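Participant: Have a look at the structure that comes next, please.
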Amino acid sequence: MMAAYKVQRIGLGNVSSYLIHRPGEAILVDCGNGGSEQKILKTLSKLKLEPAMLRLLVLTHSHFDHAGSAARLKEITGCKVMVHRREAERLSRGYSPIPPGTRWKAKVLVALGRVFMRRLMNFDGAEPDLLVDDDFELDTFGFPGRVIPAPGHTFGSMIVLMEDGQLIGGDTVFGLEKKQHFPPFAEDLPALVATWGKIRQLPVKVLHPAHGRSFTFESFLEEYDGAMKKYG
């Protein structure tokens, strides 16, 4: 039987990463913008974890605010880097485009961003070690959970579901106060709708988004039907 583990949020400015850990080993889901490695390493130190105890970095997708410090973390800790196969080239290149907006405010932001923010989308590229096509069981790295492809926000987005019902959702779900859980940006909107349908069928108890606060599965379900009607 596997030893108990904890899931800890690491706030990295406007985005969060999540450390799945127990004494002697850890997995990190997403790593924030470039330069975030220092706060991540400090968090490991506070938990009495050496850098080399970070065994795996799972990237939910290859946007700059999720993968920006992947190269440095890999260099410092020696961790394996996992990404969906469809994100691999973007991660290696260090550039991933802004997805289209799903609602009008986001569409305006995307239009402005493509003109004025292109440089911000660049980051230090990292070479992936593990490419995912289907579900990946994390017991290979000593933790009871799985990585699940969740296309929509990007073509190769992924989520992580732990055995106790904690779901780490990247940008597949949002937790911003008084705003929708449905993402404001989607590279493939029909796929995102299908992914939400998949999440609805999973044994989830709480969802941890990359942006905003964690929320209950009940809160997800409260929005589900309306989101499917609007976007499906």
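Participant: Among the residues of the range 197-216, are any within 19 Å of Asp65 (Cα to Cα), touching a helix residue (DSSP H, G or I) at 6+ places or on another chain (Cβ under 8 Å) and β-branched (Val, Ile, Thr)?
Facilitator: Within the range 197-216, none of the residues are within 19 Å of Asp65 (Cα to Cα), touching a helix residue (DSSP H, G or I) at 6+ places or on another chain (Cβ under 8 Å) and β-branched (Val, Ile, Thr).
Participant: Right, next: What's the number of the only condition in (1) modelled with pLDDT of 95 or more; (2) farther than 16 Å from Val81 by Cβ that Asn14 fails to meet?
Facilitator: (1)
Participant: Scan the range 122-140 and report the pairs whose first residue is touching a residue at least 24 places away in the same chain (Cβ under 8 Å) and part of a loop (DSSP other than H, G, I, E, B) and whose second residue is among the basic types (Lys, Arg) and open to solvent by 50 Å² or more (accessible area, probe 1.4 Å), with Cβ atoms within less than 6 Å and a gap of 6+ or a chain change.
Facilitator: Pairs found: Gly125/Arg93; Ala126/Lys74; Asp129/Lys80; Asp133/Arg85.
Participant: Another question, then. Please name all residue pairs, on different chains or six or more residues apart, with Cβ atoms under 6 Å, provided the first residue is in the range 201-221 and is farther than 15 Å from Met162 by Cβ and the second residue is polar (S, T, N, Q) and surrounded by 12 or more Cβ atoms within 10 Å (Cβ to Cβ).
Facilitator: Ala210/Ser16
Participant: Give the residue, chosen from Gly113, Gly101, Gly35, that is modelled with pLDDT of 95 or more and farther than 19 Å from Ile168 by Cβ. Break it down into steps so the answer makes sense when it comes.
Facilitator: Working: Gly113 fails: modelled with pLDDT of 95 or more; Gly101 fails: modelled with pLDDT of 95 or more.
One residue alone meets the criteria, Gly35.
Participant: Right, something else. Being part of a helix (DSSP H, G or I), in contact with a strand residue (DSSP E or B) (Cβ under 8 Å, 6 or more places away or on another chain), surrounded by fewer than 19 Cβ atoms within 10 Å (Cβ to Cβ) and of a type in the set (Lys, Arg) narrows it down to one residue among Lys229, Lys198; which is it?
Facilitator: From the options Lys229, Lys198, the qualifying one is Lys198.
Participant: Now for a different question. List every residue pair whose Cβ atoms sit under 8 Å apart, with the two residues 6 or more apart in sequence or on different chains, where the first one lies in the range 64-88 and is over 10 Å from Cys31 (Cα atoms) and the second, anywhere, is in a strand (DSSP E or B) and aromatic (Phe, Trp, Tyr).
Facilitator: Correct list of pairs: Met82/Phe136.
Participant: Can you name the helices (runs of 4 or more DSSP H) wholly within the range 1-103 that have at least 3 residues being open to solvent by 10 Å² or more (accessible area, probe 1.4 Å)?
Facilitator: 37-46, 70-77, 88-93
The values are calculated or read from the model by the stated rules, or taken from the named source; none is laboratory data. These numbers were taken from a predicted model, which means no experiment stands behind them. Note that we place each Cβ from the backbone using ideal geometry, even for glycine, and neighbour counts take in every protein chain shown. Only protein heavy atoms, including side chains, enter the accessible area calculation; ligands, DNA and RNA are left aside. Shrake-Rupley method; radii C 1.70, N 1.55, O 1.52, S 1.80 Å.
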